[in-house]
């Protein structure tokens, strides 16, 4: 049962494929034709917001997830939710909304790995385990993930020692912060394997996608009783739980009298792989009153150009910035948006993805461009990012990381350009302590004689904010994963770990 009527949500691939239920989609991760799974329709929020404000985060999660995962029982979803959102979150509220002057920061980094990825990756292992049980799958699930810094640790933390699974994470050796790297290479768990690659995130993501689409390799794994799945936001089981916190933040504003029921708000999201802002788009499609979806990029501003010109072109210099989790030129989840704005034209989506793969760019038609009006996009360079961090701390005593600062700068640009004074939620995606060197630089307290771990203590002392427990003394933890490979060797690294 879904709300007042029976609504069976099925999932199909963006490039064409028969519809399957959510359990199958979560296990497969990526569709057989190479596309991503999308719901066949958007369920609606059918309880008045004035009643939903009494739901805590767990209750709201059960309500939203049951609408999308219609083949799961309510009891199964409650099991997943209650195990995911427990005391691993340092703030009991799980996703606190903090008001700074007239803006609202949705802090999604109070989980064990200090990034928004915890919000969905805490629940994905339970969804996956439950789905396997429902479908009587006995093969060992191998989670294969590329990360730009945060997904890797959150996925490792979620899947470590989960029976019936193995997890392999690839990250750009020179493209993550020292703290992010330390979080991954010290990860315990016999079923975990972490590999740095000589290359950037796009290289890792491309190789992982190719492996998912390599039928011969997948058949070899099947013979050895292994089955590949993904923890990236290409997995619908990662994306759907992210819808919850947008609804929750709206209800929080309503509960505290910041808005009236039905009043529309803006949402501003620092965006790399496009999954986080896509979840806000899904919330809007469900009936959440979102006016503008503000997509904030750093200097790898391929998404900014897409929204402003209708052209996606990855043929440009890849820039290493102070917001490394957004150093991405191929935003995988954008494919889902292309499907939605093309009225489900699978052939068109396939063609655009083929062009991106072969030529590195594509252009959308006028009809699709028209449907991008829900979005606004801008970008910030490192200098602007640092200035935002410095000024906000100096003026309000509020400390943010580099990714959140990119979003705040773009929001300010939007507000000035559009003269829009609607209440706005700025999504704060990571703890400032994950990027101590850049945050210290922004505050004018960096010191080249200190390493990133020493800068943690300097930052804590200067701001009078405690270092989060999960990374306190991280520099003294044993390095368990010392693996490095070229991007061409990713498949052989997987074969080596799985002994196939």
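The values are calculated or read from the model by the stated rules, or taken from the named source; none is laboratory data. Just so we're clear, the structure is a prediction, and the values are computed from it rather than from any experiment. Methodologically, a virtual Cβ is constructed for each residue, glycine included, from the backbone with ideal geometry; neighbour enumeration extends over all protein chains shown.
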Matching residues in region 94-105 - criterion: being farther than 16 Å from residue 424 by Cβ and either loosely packed, with under 11 Cβ neighbours inside 10 Å or in contact with a helix residue (DSSP H, G or I) (Cβ under 7 Å, 6 or more places away or on another chain) (or both): 94, 95
Part of a helix (DSSP H, G or I) and surrounded by 15 or more Cβ atoms within 10 Å (Cβ to Cβ): is that true of residue 457 in this structure? no
Candidates 401, 438, 382, filtered to the one that is over 30 Å from residue 254 (Cα atoms) and in contact with a helix residue (DSSP H, G or I) (Cβ under 7 Å, 6 or more places away or on another chain): 438
Of everything in region 271-295, what is out of contact with any strand residue (DSSP E or B) (no Cβ under 9 Å at 6 or more places or on another chain) and in a loop (DSSP other than H, G, I, E, B)? Give them in sequence order. 273, 286, 287
For the condition over 17 Å from residue 135 (Cα atoms) and either modelled with pLDDT of 95 or more or out of contact with any strand residue (DSSP E or B) (no Cβ under 8 Å at 6 or more places or on another chain) (or both), what is the one hit in 47, 77? 47
Would you tally the residues in region 1-35 being over 26 Å from residue 219 (Cβ atoms), part of a loop (DSSP other than H, G, I, E, B) and either at pLDDT below 90 or under 20 Å from the mean Cα position of the chain (by Cα) (or both)? 5
So which residues in region 298-311 are closer than 18 Å to residue 386 by Cα and either buried (at least 23 other Cβ atoms within 10 Å of the Cβ) or in contact with a helix residue (DSSP H, G or I) (Cβ under 8 Å, 6 or more places away or on another chain) (or both)? 298, 299, 300
Test of understanding: among 260, 225, 215, which residue is at positive phi and surrounded by fewer than 17 Cβ atoms within 10 Å (Cβ to Cβ)? 225
Restricting attention to region 259-270, does a residue exist that is under 22 Å from residue 64 (Cβ atoms), under 13 Å from the mean Cα position of the chain (by Cα) and assigned to a helix (DSSP H, G or I)? no
Could you list, in sequence order, the residues of region 353-383 that are touching a residue at least 60 places away in the same chain (Cβ under 8 Å) and under 30 Å from residue 402 (Cβ atoms)? 372, 374, 375, 376, 377, 378, 379, 380, 381, 382
Selection within region 72-83 - crowded, with 17+ Cβ neighbours inside 10 Å and touching a helix residue (DSSP H, G or I) at 6+ places or on another chain (Cβ under 6 Å): 76, 77, 78, 80, 81
Among 479, 427, 500, which is the only one that is closer than 30 Å to residue 260 by Cα and either outside any loop (DSSP other than H, G, I, E, B) or in contact with a helix residue (DSSP H, G or I) (Cβ under 9 Å, 6 or more places away or on another chain) (or both)? 427
Mind listing just one residue for me: the one in region 185-214 that is in a helix (DSSP H, G or I), touching a residue at least 12 places away in the same chain (Cβ under 8 Å) and under 15 Å from residue 143 (Cα atoms) and, of those, nearest to the chain's Cα centre (by Cα)? 205
The condition of being under 28 Å from residue 418 (Cβ atoms) and touching a residue at least 12 places away in the same chain (Cβ under 8 Å) holds, among 347, 327, only for 327
